[in-house]
Amino acid sequence: MTALVAGSNNLPAITDEEENASVDNPRRDILLGFIVIALFFGGFLGWAAFAPLDAAAVAPGVVQVSGNRKAVQHLHGGTVDEILVSNGDRVTRGDLMVRMDTDEMLGNRRQLLSRLITLRAREARLLAEQAGLDTVEAGAWLSSLTGDAADEAAGALSSEQDQLNTRADSLIGQIDVLQQRKVQLQQRIQGLQSQLRANTEQRSLLQDQLADVQQLYEKGLSPLTRVRQLQGQLVSLEGDNGRLNSSIAEARETMGEVDLQISSLQDELNTDVTARLSQTQREIAEVQPQYDTIALRVERAEVRAPVSGLVVGMSVFTEGGVVSPGQVLMEVVPEEEPLVIRARVDPSQADDVQIGMEAEVRLEIARSRENPILFGEVTGLSADRIVDERTGMPYFDAEVVVSPEEMQRLEEFIGREITLRPGYPAQVIIPLRARTMMGYLAEPITGALWQAGREN
């Protein structure tokens with residue numbers, strides 16, 4: 001055969017023999033195909049031997065808030081005065097939610113408060129009297145009052161201060177009268193003592209004169225009547241001295257009685273103060289608990305949010321309606337507590353799930369590809385399997401906790417605040433053990449061989 005002429009591109013000419021040999025001998029193409037296939041499977045097996053494909057339990061779940069809902073109740077019940085929230089409202093811990101009617105309670109509290117202020121002020125005055133103080137000092141309770149109650153307390157203390165001053169002035173006046181009488185008695189005693197000293201000097205003179213007259217009488221120079229006269233004067237003087245001494249003793253006795261009267265006045269005052277103080281403190285012990293109870297009921301008339309969260313399950317909608325003691329008015333779904341996912345684990349994988357394992361959670365709150373994976377921890381697993389009454393499918397209940405930091409990361413990723421209500425769907429993946437793609441592909445074969453090797 002003639003050779004093919006090269007084209008304008010000056011390619012080497014292919015002879016008819018070479019072309020026929022290529023068509024009649026396909027081994028080269030087959031070999032090339034095997035090489036390509038071998039390279040493909042070799043590369044795939046090499047990749048499968050090292051590519052991680054960890055075993056994991058995939059479980060559907062729903063959102064649940066740790067601690068569940070918080071019931072909002074009123075201990076004493078009563079008439080609803082004002083309702084400030086509705087279902088779906090977000091509240092912060094301490095926010096006012098419901099206000100109960102307090103008109104009757106406020107009236108009782110005012111009466112008890114006024115009575116208590118009077119008693120406390122009286123107690124302060126009696127304590128001041130007992131200690132001998134000139135000023136009534138307000139105690140800690142009266143000092144803690146504010147507003148109108150503080151003004152009322154100031155008035156009560158002022159009144160008691162006036163009474164303290166009046167009683168003190170009265171006592172001082174009575175003591176002054178007795179002291180003046182005591183001074184008069186002392187002056188009388190001094191006068192009697194002066195007269196007694198004068199009588200003593202006069203007696204001495206009379207005795208000397210009588211001695212001289214007796215000598216003259218014995219000599220016959222003086223009459224007997226003169227002697228008798230001097231003797232009578234001495235006897236009269238002795239009687240006068242006796243009366244003076246008796247008067248002095250009587251005056252001193254009276255002074256002692258005056259001292260006793262002064263001491264008795266102080267003792268009577270102390271006894272009266274002690275008795276009044278004891279009675280006042282008994283009344284305080286009776287009134288104070290009544291006031292504390294009614295004040296606490298007034299305070300509790302304002303029903304406030306126990307936690308921050310969403311208001312759900314309201315049972316009170318009418319202002320003026322009556323609620324019974326302990327009735328649940330509404331519930332609050334907490335937002336501050338950790339997020340919990342209740343996941344249903346397939347029984348075939350439950351044995352591999354352990355408490356403390358890390359879990360991956362994807363919340364289905366938007367398109368899946370926009371939701372980042374959140375990391376949580378398995379904190380609970382049911383001890384036995386549970387059967388869904390509706391579907392009849394068995395499962396193990398697993399509890400997975402997602403930290404607030406992970407939720408914050410999700411909000412930053414999405415760019416908005418997220419409010420998760422109980423029941424939102426979620427997907428939970430619990431990594432069980434490390435394995436490769438090769439191990440995953442070989443598991444059915446090795447499992448079948450393991451089972452076949454144990455059959456009779």
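Each reported figure results from applying straightforward, stated rules to the coordinates on display, with no laboratory input. These numbers were taken from a predicted model, which means no experiment stands behind them. In this analysis, Cβ positions are derived from the backbone assuming ideal geometry, glycine residues included, and neighbour counts consider all displayed protein chains.
For region 240-255, backbone phi angles converted through the Karplus equation (6.51, -1.76, 1.60; θ = phi - 60°) give residue-by-residue couplings of 5, 5, x, 5, 5, 4, 5, 5, 5, 4, 5, 5, 5, 5, 5, 4 Hz, Gly and Pro being listed as x. Full extension of the chain between E405 and Q130 gives 92.6 nm of extra length, using 0.36 nm per residue less the Cα-Cα distance. Treating each Cα of region 105-298 as one equal point scatterer and applying the Debye formula with no solvent, the log10 of I(q)/I(0) at q = 0.17, 0.18, 0.19 Å⁻¹ comes out as -1.06, -1.12, -1.18. Under 14 Å from a label point set 7 Å out along the Cα-to-Cβ vector of Q209, the amide N atoms of region 216-238 belong to 226-238. Modelled spin-label separation between R385 and N241, with each label point placed 7 Å from Cα along the Cα-to-Cβ direction: 13.3 nm.
If I take R0 = 25 Å and measure r between the Cβ atoms of S194 and T166 in this structure, what FRET efficiency does the formula 1/(1 + (r/R0)^6) give, to the nearest 0.05? According to the calculation, E is roughly 0.05.
Where in region 244-264 does the label zone of D176 land, with the point 7 angstrom along Cα→C-beta and an amide N cut-off under 18 Å? In region 244-264, the label zone of D176 (backbone N under 18 Å from the point 7 Å along Cα→Cβ) covers 262-263.
Rg and Dmax of region 274-387, based on Cα coordinates, read 26.6, 84 Å. Amide H of I386 versus every other amide H placed in the peptide plane: which residues, excluding those fewer than 5 positions away on the same chain, fall under 5 Å? The list, which skips near neighbours in sequence, is Y395, F396, D397. For region 117-132, putting each phi into the Karplus relation 6.51 cos²θ - 1.76 cosθ + 1.60 with θ = phi - 60° gives couplings of 5, 4, 5, 5, 5, 5, 4, 4, 5, 5, 5, 5, 4, 4, 8, x Hz, in residue order, rounded to whole numbers and with x for Gly and Pro.
Its Kirkwood hydrodynamic radius, worked out from the mean inverse distance over all distinct Cα pairs, puts region 258-335 at 17.9 Å.
Residues whose amide H lies under 5 Å from that of V353, counting only those 5 or more places away or on a different chain, are absent; hydrogens are built 1.01 Å from N in the peptide plane.
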